[in-house]
Amino acid sequence: MEKLWPELFYKNGRETYETLHMFTQVLGKIKLETLSWLNHSWHITLKFTPTGLTTATLPYKDLFFQIELDLTNHKLKISTSRGENREFELPGLSVASFYQKLFSQLQELDIDIKIYTKPVELEHPIRFEEDTVHHTYEPEQARSLQQALLVMQEVFFRFRCGFKGKSSDVHFFWGSFDLAVSLFSGRKAPKHPGGIPHLPDWVAEEAYSHEVMSFGFWPGNEALPEAAFYSYLYPEPEGFKEAALLPEEAYYHKDLNEFVLPYKAVQQAEDPARKLMEFLDGAYAAGTARANWDRKSLE
């Protein structure tokens, strides 16, 4: 079956993406409160479903529960191991309303969780319960983003399968609002300088404790106002930024210190999956060569 790579325009979807970003941060902070710490914060990421993003199974006292952002039917859904279900519609909700409805329904299910309500990785965060600024949810924009995440995560998964060293899952980070997968050389890295807005430095230090090459996708932000794929290394080896990558639309973004491939170039390609894989393979080859990774033992 031919898979659809939908058009994504940051200008059209920005307000919906910003609202969804806050919705995902609320879910991520619930994971943070209920799960034991896993290296590199991998326990708090969201996972992909056929219809949206999910916390997957979470423990609470004598039950288990799951929360899903259904971006296909545009609902928030809660299910528990007792067979109970709750849901509400997403369109028309501000972040404050979303936060109130979600925790009200959790209380109905006797799930009493408290979270730190200030968003992370933002310059000017607004506490969830006070955020009436972000209130846009356009179903078409949400559905297109969901469809794009579905088709691209399959490509990222196939790319990851060729690596047998330490690696992350293909998952969704709610702090930076991006799909990501990370591969590790096995060698320790210099201490990360931190400085990420409203994120404790020790979190970044632990996340980048070892040499890592990350690949992913953003729907866009102020620094890069278009949907795009990316790749970077920490620490960045000498000569990486000068590498000539394929496809030809890929380039090194000097402000982000990352290689970038516009989503549009992939979406409009005759074979989008092949074009994305060309970028991932090329960035991997350039990075591992310049960083002198032991590819023989890692692949």
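The values are calculated or read from the model by the stated rules, or taken from the named source; none is laboratory data. Keep in mind that what you see is a predicted model, and the values were worked out from it rather than measured. Don't worry about glycine lacking a Cβ; one is built from the backbone with ideal geometry, like all the others, and counts go over all protein chains shown.
Take residue 102 and decide whether it is assigned to a helix (DSSP H, G or I), modelled with pLDDT of 95 or more and either in the same structural domain as residue 174 (by TED's automatic domain parsing) or in contact with a strand residue (DSSP E or B) (Cβ under 7 Å, 6 or more places away or on another chain) (or both). Criteria met by residue 102.
Those residues that are part of a loop (DSSP other than H, G, I, E, B) and either more than 20 Å from residue 160 (Cα to Cα) or among the small types (Gly, Ala, Ser) (or both), I need them from the stretch 255-278; list them, please.
Initially, the stretch 255-278 is screened for residues part of a loop (DSSP other than H, G, I, E, B), giving 255-257, 268-271.
Once the filter is applied, which keeps residues that are part of a loop (DSSP other than H, G, I, E, B) and either more than 20 Å from residue 160 (Cα to Cα) or among the small types (Gly, Ala, Ser) (or both), the stretch 255-278 yields 255, 256, 257, 268, 269, 270.
Checked against (1) out of contact with any Pro (no Cβ under 9 Å at 6 or more places or on another chain); (2) modelled with pLDDT under 95; (3) small (Gly, Ala, Ser), residue 167 passes all but a single condition, namely (2). Out of all the residues in the stretch 96-106, is one or more surrounded by 19 or more Cβ atoms within 10 Å (Cβ to Cβ) and over 25 Å from residue 59 (Cβ atoms)? Looking through the stretch 96-106, at least one residue is surrounded by 19 or more Cβ atoms within 10 Å (Cβ to Cβ) and over 25 Å from residue 59 (Cβ atoms).
Identify, please: which residue in the stretch 279-299 is of a type outside the set (Gly, Ala, Ser) and crowded, with 16+ Cβ neighbours inside 10 Å and is, among those, farthest from residue 160 (Cα to Cα)?
Here is the first cut: in the stretch 279-299, the ones of a type outside the set (Gly, Ala, Ser) are 279-281, 284, 288, 290, 292-296, 298-299.
From what is left, the residues that are crowded, with 16+ Cβ neighbours inside 10 Å are 279-280, 284, 288, 290, 293, 298.
Details: 279: 13, 280: 10, 284: 11, 288: 14, 290: 20, 293: 16, 298: 11 Å.
Restricting to residues being of a type outside the set (Gly, Ala, Ser) and crowded, with 16+ Cβ neighbours inside 10 Å, the top hit is 290.
This table checks each residue for (1) within 30 Å of residue 6 (Cα to Cα); (2) under 17 Å from the mean Cα position of the chain (by Cα); (3) aromatic (Phe, Trp, Tyr).
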site	(1), (2), (3)
203	no, yes, no
206	no, no, no
231	yes, yes, no
249	yes, no, no
264	yes, no, no
268	yes, no, no
296	no, no, no
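Answer yes or no: is there a residue in the stretch 122-145 that is crowded, with 16+ Cβ neighbours inside 10 Å, of a type in the set (Gly, Ala, Ser) and under 20 Å from the mean Cα position of the chain (by Cα). Yes: one or more hits.
When the residues of the stretch 39-87 are narrowed to those that are assigned to a loop (DSSP other than H, G, I, E, B) and of a type in the set (A, V, I, L, M), which ends up surrounded by the most Cβ atoms within 10 Å (Cβ to Cβ)? My answer is 71.
Residue pairs whose Cβ atoms lie under 6 Å apart, separated by 6 or more positions or on different chains, with the first residue in the stretch 80-98 and closer than 21 Å to residue 109 by Cα and the second among the acidic types (Asp, Glu) and exposed (fewer than 15 other Cβ atoms within 10 Å of the Cβ), are 96/129. Taking the listed residues 198, 192, 210, the one that is touching a residue at least 12 places away in the same chain (Cβ under 8 Å), over 24 Å from residue 293 (Cα atoms) and in the same structural domain as residue 246 (by TED's automatic domain parsing) is 198, with no other qualifying. Scanning the stretch 47-73 for residues that are over 18 Å from residue 113 (Cα atoms) and touching a Gly at 6+ places or on another chain (Cβ under 9 Å) gives 69, 70, 71, 72, 73.
For the stretch 29-51, the count of residues that are over 30 Å from residue 208 (Cα atoms), touching a strand residue (DSSP E or B) at 6+ places or on another chain (Cβ under 7 Å) and among the aliphatic types (A, V, I, L, M) is zero.
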